[in-house]
Amino acid sequence: MLKVVNRVLLGLLGLGLFALGGGVLLGGLDLQRRWDFGMPGWWPFRGPDDVVLGTEGRTRWRAEGWWWPTVIAVLVVLLVLLLWWLLAQRRHRLGSVLVRSGDGAAARLDGRALEDVIEAEARDLDGVARAHVRLTGRSTAPAARVRLVLEPHADPARTLGRLSGETLAHTRESADLGSLPSKVRLEEVRHHARRAD
């Protein structure tokens, strides 16, 4: 749903900016006169000497008591909507995973509990200092984001292979998931330099 909303909003914003920019360009290059066509009566940019917002447009409502509260309210609403949209871009943690049992019924497994199990198994791998797992997606099609902090002696390729072949495979089998798409980020433990006196 978020992808659809993003695409619609970006499409409408792009279309509006394209129309506004095209209209300003038509007026700025004086294309109406050169190509002999007219613009609607309400269109403000009629020639190269026109401005986006003239003196009358800027000062028309200043004396009215409702003007500044309305401007501030609209700006606050826009700010709140933009902040909501920005926060909605973050991938939310999956609350539960739908697990199919052998008798045809379905059960819900707590997402955080499953994350904790995957983290514990990943920390047991040789060379892993810390592990952090976040489940995203839908309850019927979860995906995992895994961050492993490796010790200096760890072999990243071997650790990644064991994570995929053992830890995540065990999670797929135990939760009876057809697939568990995963993004894995590997980092190295940072050691501070010691000062010798």
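May I ask for the Kirkwood hydrodynamic radius of the range 42-190, worked out over all distinct Cα pairs and given in angstroms to one decimal?
Working: mean 1/r = 0.0501 Å⁻¹.
Its Kirkwood hydrodynamic radius stands at 20.0 Å.
Once phi is turned into ³J(HN,Hα) by the Karplus curve 6.51 cos²θ - 1.76 cosθ + 1.60 with θ = phi - 60°, what whole-Hz value does each residue of the range 105-120 show in order, with x for glycine and proline?
3J(HN,Hα) across the range 105-120, in whole Hz: 7, 10, 10, 9, 9, 4, x, 5, 5, 5, 4, 4, 5, 5, 4, 4.
Grab the alpha carbons of the range 3-86, take their convex hull, and tell me the volume per residue in Å³.
129 Å³
Give me the accessible area of E166, 1.4 Å probe, in Å² rounded to the nearest 10.
Answer for E166: close to 90 Å² accessible.
Rolling a 1.4 angstrom probe over the protein chains, ignoring ligands and nucleic acids, what is the accessible area of D36 in square angstrom, nearest 10?
130 Å²
What is the distance in Å between the Cα centres of the range 23-41 and the range 132-177?
60 Å
Out of all DSSP beta bridges in the chain, what portion is antiparallel? Express it as a percent rounded to 5.
70 percent
The values are calculated or read from the model by the stated rules, or taken from the named source; none is laboratory data. For clarity, every value in this text was computed on a predicted model and none was experimentally measured. SASA here: full protein model, heavy atoms, side chains in, ligands and nucleic acids out. Shrake-Rupley method; radii C 1.70, N 1.55, O 1.52, S 1.80 Å.
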